[in-house]
Each structure stands twice: as C-alpha cells, then as structure tokens.
Amino acid sequence: MDERYSRQVLFKPLGQTGQEKLALSTVTIIGCGALGSAIAETLTRAGVGTIHLVDRDYVELSNLQRQQLFTETDAQQMLPKVAAAEQRLKAIRSDLRLFTYLEHLDAAGVEKLAAISDLIVDATDNFETRLLINDASVKYGVPWIYGACVGSSGVVFPFIPGESSCFRCLLPVLPAINETCDTVGIISPAVQVTAALQCTEALKWLSGNHEAMRKKIHHFNLWDNSQLDIGVSRIKDPHCKTCGPDAVFPSLNETGVSSYAVLCGRDAVQILPDPNRPITLDDAEKVGNQLEAGVKRTPYFVELKVFHHRMVLFGNGRLLIHGVHNVAEGRKLYHQVFG
Ligand SMILES: [Zn+2]
C-alpha cells in the first residue's frame with residue numbers, strides 16, 4: 001500500500017488487510033450538512049473506495065461556521081452542497097469514486113443505495129429520514145450508524161441488522177433531541193465529536209473489526225462535561241414493524257404524499273410537485289420573468305424573489321420556499337406562483 005495510508009496501516013487493528021478492505025468498500029452518506037461534510041472528508045482521507053453522497057440543499061453563509069467542506073465562494077454561488085463537496089473531496093483524493101445525488105431522499109432512493117452499500121452513515125437532521133434508513137438497513141441487511149447533534153451534545157449508535165435492536169425499537173429510549181440547530185444553535189466541536197465517533201464505527205465495520213463495535217448508545221455533552229452510555233441490548237419490540245417477524249417496513253411503503261410538503265428547519269418549506277405535472281427550470285424562469293421576480297438562474301436551480309419570499313427550484317422539480325413558517329403557508333405560495 002502506498003505511503004499515503006502508511007500511518008493508518010501502522011495502526012494494528014487496521015493494518016494492510018484492513019486498508020485493503022476500506023479500498024473495496026462502498027459507503028452511503030445521507031446528508032451533507034455539518035455531519036455529512038465531516039464524515040465524507042474523514043472517510044475520503046481514510047481511503048474508502050466508493051462514496052455515495054445524498055443532499056437536497058445548497059450552501060449558505062450560516063453553514064460555514066461548522067460545515068467544513070464549504071467556502072465563502074460556494075455560499076456566494078449558492079452551490080448545491082453535493083456539488084461543492086464533490087469539488088473539495090476530489091481535490092483531497094483524486095481516485096475517490098464519488099456519486100452525488102441532489103435529491104430529497106425517498107423510499108426508492110434509499111432502497112437503491114442500501115442494495116449497493118456496505119454501510120450507511122446517517123448525517124440527516126430528522127427522524128422521518130432515519131426511519132427510512134432504518135427500514136432499508138434491515139430489509140437489505142446493511143448496517144447504519146446513527147448520529148445526531150445539537151447545541152453542545154450528540155448521540156451515536158451503530159445499528160447492525162440481526163445483532164442490535166433497530167431504530168424503531170429504540171425510539172422510546174433514545175435521548176430526546178427535540179431541539180434543532182435552527183432553534184438552539186450548535187457549536188462546531190459537537191459536530192466534530194459526533195462525526196468522529198460515527199467514522200470510528202465505520203472504520204471498525206468496514207475493516208472487519210466487528211467485535212469492536214459499540215454496543216451501547218453513547219450520549220455526550222461537551223459543555224457540561226458529561227457522557228452517558230445506555231445499554232439497549234434487551235430493548236427489542238417483539239412486534240416491531242421493521243425488525244419483527246411480520247416486518248412490513250412501514251417507512252419504505254408509505255406513499256410519497258406525506259413528503260409532498262415538509263418544513264425544513266425554522267423558516268423554509270420544501271415542496272415536491274406532482275410528478276405528473278413537473279415544473280422545469282424553464283417554467284420557473286418564465287413565470288419569474290412575468291412576475292418580475294428578480295430571476296437568477298444557475299446550472300442547478302432557478303431562484304425567484306416573490307412576495308418577499310425566496311423560492312429556489314431545483315432541476316429535478318423540487319422547490320424550496322424560504323421565509324415561511326409552516327407547511328400551509330408554503331403550499332399557498334407555491335400555488336400562487338405555479339398554479
Ligand atoms: Zn425493531
């Protein structure tokens with residue numbers, strides 16, 4: 001193995017064999033915000049062969065405090081996070097096989113990725129997507145590593161199908177993180193620690209050191225210097241709809257209707273238009289020009305400023321409306337502009 005990985009190969013539990021396994025591995029990272037940036041960079045530098053990276057958002061100035069892959073230029077250009085990440089990751093390691101998806105992850109998408117991955121790493125910010133990942137993980141027998149952080153605290157746990165309880169089983173005991181980064185903020189070290197713990201579990205799994213995997217949910221708070229390991233081996237719902245004997249994988253089988261419009265953070269709503277009536281970038285540009293909406297078009301999206309709100313339509317028809325505080329308000333604006 002080349003000099004590049006010499007210090008990692010020296011680390012006994014990895015060694016040459018572990019390094020070769022990493023090179024042959026395929027990892028899917030769901031989300032490319034703070035956690036996703038840190039995880040993608042660490043796994044890229046560690047020599048993971050193939051990475052699939054999914055994110056639906058673009059870079060904004062308020063991301064730069066903690067989302068380590070992005071620059072001021074990315075924010076000025078409102079570059080999609082996966083596009084900015086791709087530039088940076090390929091600059092770090094040119095032989096990385098990287099596949100990016102500028103999409104809202106749905107059931108079909110997560111199933112496709114689970115089927116070709118050795119591991120899924122959670123870098124999302126919501127329970128709905130984690131339930132989706134959990135279903136796909138159990139259905140395809142692919143482990144996933146849960147990670148969440150807010151304020152100065154974080155939680156990490158590796159879910160291994162057939163060995164650990166599943167995420168749905170553990171929902172009642174997971175430390176409540178009802179707050180979000182949009183409401184109570186976050187300091188970057190909380191991100192770094194969470195991502196580091198997740199990446200360590202990833203390296204263990206991918207290098208074949210399965211006996212070293214964490215068996216307890218780890219919770220830490222960097223500000224009040226506390227940490228807690230919660231044993232969960234006995235917590236298993238015998239009738240779990242994901243890992244029980246009559247599994248139906250509810251999240252994978254929900255219709256897309258529920259994700260038609262969702263609140264993203266504190267003041268943005270995402271709308272997924274009816275697939276039978278898609279909106280193209282050309283449509284948005286045309287409507288925007290009619291409304292004199294200060295149209296800005298890039299290869300990835302069209303931005304409009306309508307009725308004091310910022311709307312961003314992506315190439316796949318997904319619409320983000322900023323400056324609205326609930327789904328109904330977002331829906332109303334969508335219909336006002338696009339009929
Ligand atoms: Zn379960």
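Can you give the Rg/Rh ratio of region 260-338, where Rg is from the C-alpha atoms and Rh is the Kirkwood radius? Don't skip to the end; give the middle numbers.
Numbers: Rg = 11.3 Å, Rh = 12.2 Å.
In region 260-338, Rg relative to Rh is 0.92.
Anything over 29 Å Cα to Cα? Flag those among Lys21/Lys241; Lys90/Lys112; Lys139/Lys204, in the order listed.
On the way: Lys21/Lys241 33 Å; Lys90/Lys112 24 Å; Lys139/Lys204 22 Å.
Violating the 29 Å Cα-Cα cut-off are Lys21/Lys241.
Under the Kirkwood approximation for Rh and a Cα-based Rg, what ratio Rg/Rh is obtained for region 93-251?
0.95
Among the aspartates and glutamates, which have Cα under 20 Å from the Cα of Lys216 when same-chain residues fewer than 8 positions away are ignored?
Partners found: Asp122, Glu163, Glu201, Asp229, Asp237.
With unit charges on the beta carbons (Lys and Arg positive, Asp and Glu negative) and the dipole taken about the Cα centre of the chain, which residue among Gly339, Gln8, Ser153 sits farthest to the positive side?
Going by the Cα projections, it comes out as Gln8.
At a 10 angstrom cut-off on C-beta neighbours, averaged per residue, how do the peptides 143-156, 230-243, 121-134, 308-321 rank from highest to lowest? Mind showing how you got there, number by number?
On the way: 143-156: 24.1, 230-243: 14.5, 121-134: 22.6, 308-321: 19.9.
In descending order of packing, they fall as 143-156, 121-134, 308-321, 230-243.
Mind checking the angle between helix 127-140 and the chain's longest principal axis? C-alpha axes, 0 to 90 degrees, to the nearest 10.
50
Can you flag which of Lys81/Lys236; Lys12/Lys215; Lys296/Lys332 are past 27 Å Cα-Cα?
Long pairs (Cα-Cα over 27 Å): Lys81/Lys236.
Which whole number of Å³ per residue matches the convex hull of the alpha-carbon atoms in region 1-92? Numbers along the way, then the final one.
Values: hull volume 8.8 nm³, N = 92.
Residue-normalised Cα hull volume stands at 95 Å³.
Considering only the other residues whose Cβ falls under 14 Å of the Cβ of Glu128, what net charge follows from Lys and Arg at +1 and Asp and Glu at -1?
Cβ neighbours under 14 Å give a net charge of -2.
May I ask for the angle, rounded to the nearest 10°, between helix 281-290 and the longest principal axis of the chain, with both axes built from Cα atoms and the value confined to 0 to 90°?
Compared with the principal axis, the helix lies near 40 degrees.
Could you size up the charge dipole of region 203-339 around its Cα centre, putting +1 on the beta carbon of Lys and Arg and -1 on that of Asp and Glu, and report it in debye to the nearest 20? Please list the in-between numbers first.
Details: 17 positive and 14 negative charges, 50 e Å.
Here the size comes out at about 240 debye.
Using +1 on the beta carbon of Lys and Arg, -1 on that of Asp and Glu, and nothing else charged, what's the dipole of the chain about the Cα centre, debye to 20? Write out the running numbers ahead of the final one.
Values: 33 positive and 37 negative charges, 82 e Å.
Charge dipole of the chain: 400 debye, to the nearest 20.
Quick one: divide the alpha-carbon radius of gyration of the chain by 2.2 N^0.38 Å and tell me what you get.
1.02
I want to check the label-to-label distance for Thr17 and Asn126. Put each point 7 Å from Cα in the C-beta direction and report it in nm to one decimal.
About 4.4 nm, to one decimal.
In Å², what does the accessible area per residue of region 260-338 work out to with a 1.4 Å probe?
Solvent-accessible surface per residue comes out at 52 Å².
The values are calculated or read from the model by the stated rules, or taken from the named source; none is laboratory data. Since this is a predicted model, take the numbers as computed values, not measurements. Note that we place each Cβ from the backbone using ideal geometry, even for glycine, and neighbour counts take in every protein chain shown. When the accessible area is computed, the model is the full protein with side chains, heavy atoms only, and any ligands, DNA or RNA have been set aside. Shrake-Rupley method; radii C 1.70, N 1.55, O 1.52, S 1.80 Å.
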